[in-house]
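Heads up: the structure comes next, in structure tokens.
The values are calculated or read from the model by the stated rules, or taken from the named source; none is laboratory data. Remember, it's a predicted structure, so these values are computed and weren't measured experimentally. Cβ sites come from the backbone with ideal geometry, for glycine too, and all protein chains shown count toward neighbours.
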There are 2 protein chains.
Amino acid sequence: MKPIGPYTFETFKEKVAAFHGYPAPGVIIGGYMVVLAQEKIPRDVLFDAIVETPKCLPDAVQLLTLCSYGNGWMKVYPFGRYALSLYNKYTGEGVRVRIDPDRLKAWPHIEMWLFKTQPKKEQDSDALFDEIARAGADICGVAPVQVKEEAMKRFSFGDIGRCQKCGEPHPVKFGEVCKACGGESPYF
Amino acid sequence: MKPIGPYTFETFKEKVAAFHGYPAPGVIIGGYMVVLAQEKIPRDVLFDAIVETPKCLPDAVQLLTLCSYGNGWMKVYPFGRYALSLYNKYTGEGVRVRIDPDRLKAWPHIEMWLFKTQPKKEQDSDALFDEIARAGADICGVAPVQVKEEAMKRFSFGDIGRCQKCGEPHPVKFGEVCKACGGESPYF
């Protein structure tokens with residue numbers, strides 16, 4: 001069973017369960033991906049992260065780096081691609097790690113999981129974890145990337161005022177009325 | 001100094017620093033907000049979370065509950081409102097906690113932080129932390145909410161195929177070509 005950075009497979013699986021609610025295969029595979037990316041960028045670089053799916057993978061980044069959703073150092077693109085990049089936050093130079101489907105021939109349960117060729121309930125979870133632990137980062141492709149400037153920008157809400165309708169503080173750039181009062185509220 | 005659920009103020013501040021990169025005031029205030037929401041919903045309810053800003057607050061939810069960005073039990077609305085809800089994931093009944101600006105009269109540094117009336121660098125960080133620790137959840141308003149069904153839906157990428165251009169696995173519902181090849185790539 002290949003370690004995941006400083007963690008044994010079992011220890012990392014427990015960490016995933018404590019954070020993510022259950023030991024999701026995707027977060028564990030993601031752990032190997034994050035560690036591989038960390039190994040490929042210079043040690044002293046301050047990096048930000050891009051994750052190309054909101055599913056599972058962001059939690060691997062949050063567990064193994066200081067990039068989090070709430071600090072903005074991790075950006076999530078909802079492409080549904082199982083890939084992530086770590087890059088120098090000042091220059092945009094970085095590495096992208098993805099699951100390479102051409103490397104999955106030897107790992108049929110990982111292939112089944114990635115392409116969802118069987119419903120999750122019918123997948124053999126033990127066999128899947130066993131393959132994940134033995135494959136480690138062998139299923140990954142790595143490539144250098146240069147992040148576009150617009151994707152590196154820090155985003156700010158700017159000045160804060162009070163919504164003219166509900167009175168709650170909100171970004172004045174959104175107008176006199178907040179987004180929720182403007183019709184986007186998730187509540188009745 | 002008021003505790004934050006099972007944590008002392010100082011212990012939680014250290015947890016925030018370890019996860020978020022630094023002890024952000026917003027995540028610590030968020031801690032009191034999350035704990036207040038947890039106290040207001042029935043103990044045995046399986047809950048999901050809605051956070052109304054991507055800034056800081058999502059990390060408080062991720063540190064104190066099993067709702068994470070990667071497991072989809074926490075949804076983030078980019079309204080720029082400092083508020084969150086925890087709600088029964090089956091019925092949508094829940095509670096919303098917000099910072100109530102009318103309660104900030106006694107806490108001028110928190111008010112300055114929330115409304116950004118001074119640049120961050122000119123704010124008195126010690127005085128701000130002192131107020132946060134003494135105010136705890138006293139600055140919060142709480143109200144029951146009913147989450148709309150469309151906001152409760154689990155989102156799925158559906159079937160996975162290979163992009164006709166780059167060959168990477170991606171959701172077939174996005175078409176023959178993945179979002180990145182379709183022009184949305186954050187990389188050159």
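Checking residue A:106 against (1) more than 30 Å from residue B:149 (Cα to Cα); (2) touching a Leu at 6+ places or on another chain (Cβ under 9 Å); (3) more than 9 Å from chain B (Cβ to nearest Cβ): exactly one of these is not met. Which one? Evaluating residue A:106 over (1) more than 30 Å from residue B:149 (Cα to Cα); (2) touching a Leu at 6+ places or on another chain (Cβ under 9 Å); (3) more than 9 Å from chain B (Cβ to nearest Cβ) leaves (2) as the failure. Among the residues of segment B:97-143, those that are closer than 14 Å to residue B:29 by Cβ and in contact with a strand residue (DSSP E or B) (Cβ under 7 Å, 6 or more places away or on another chain) comprise B:97, B:98, B:99, B:100, B:101, B:114, B:115, B:139, B:140, B:141.
Of everything in segment B:71-107 that is assigned to a helix (DSSP H, G or I) and either in contact (Cβ under 8 Å) with a residue 12 or more places away in the chain or among the small types (Gly, Ala, Ser) (or both), the residue that is nearest to residue A:171 (Cα to Cα) is B:101. Put simply, of B:134, B:96, B:81 the only residue that is more than 19 Å from the chain's Cα centre (by Cα) and either of a type outside the set (Gly, Ala, Ser) or in the same structural domain as residue B:17 (by TED's automatic domain parsing) (or both) is B:134.
Here's a check for you: in segment B:14-26, which residue that is part of a helix (DSSP H, G or I) and without any contact (Cβ under 8 Å) to a residue 24 or more places away in the chain is farthest from the other protein chains (Cβ to nearest Cβ)? Top of the filtered list is B:14.
For segment A:56-70, filtered to residues that are at the interface with chain B (Cβ under 7 Å from one of its Cβ atoms) and assigned to a loop (DSSP other than H, G, I, E, B), the residue that is surrounded by the fewest Cβ atoms within 10 Å (Cβ to Cβ) is A:66. Give segment A:27-47 a look and list any residue that's crowded, with 23+ Cβ neighbours inside 10 Å and within 11 Å of chain B (Cβ to nearest Cβ), or say none. Of everything in segment A:27-47, those that are crowded, with 23+ Cβ neighbours inside 10 Å and within 11 Å of chain B (Cβ to nearest Cβ) turn out to be A:27, A:30. For the residues B:61, B:95, the requirement of being of a type in the set (Val, Ile, Thr) and under 25 Å from residue A:158 (Cβ atoms) singles out B:61. Return the residue satisfying two criteria in turn: it lies in segment B:144-188 and is free of Cβ contacts under 8 Å to residues at least 40 places away in the same chain, outside any loop (DSSP other than H, G, I, E, B) and of a type in the set (A, V, I, L, M, F, W, C), and of such residues it is farthest from residue B:84 (Cα to Cα). Among residues in segment B:144-188 that are free of Cβ contacts under 8 Å to residues at least 40 places away in the same chain, outside any loop (DSSP other than H, G, I, E, B) and of a type in the set (A, V, I, L, M, F, W, C), the one farthest from residue B:84 (Cα to Cα) is B:181. Looking across segment A:137-173, the residues that are within 29 Å of the chain's Cα centre (by Cα) and within 7 Å of another protein chain (Cβ to nearest Cβ) come down to A:145, A:146, A:147, A:148, A:151, A:157, A:170, A:171. Counting the residues of segment B:30-40 that are within 11 Å of the chain's Cα centre (by Cα) and either more than 16 Å from residue B:10 (Cβ to Cβ) or among the hydrophobic types (A, V, I, L, M, F, W, C) (or both) gives 3. Test residue B:134 against the stated conditions and say whether it is out of contact with any Pro (no Cβ under 8 Å at 6 or more places or on another chain), in contact (Cβ under 8 Å) with a residue 60 or more places away in the chain, more than 7 Å from chain A (Cβ to nearest Cβ) and within 30 Å of residue A:113 (Cα to Cα). It is false that residue B:134 is out of contact with any Pro (no Cβ under 8 Å at 6 or more places or on another chain), in contact (Cβ under 8 Å) with a residue 60 or more places away in the chain, more than 7 Å from chain A (Cβ to nearest Cβ) and within 30 Å of residue A:113 (Cα to Cα).
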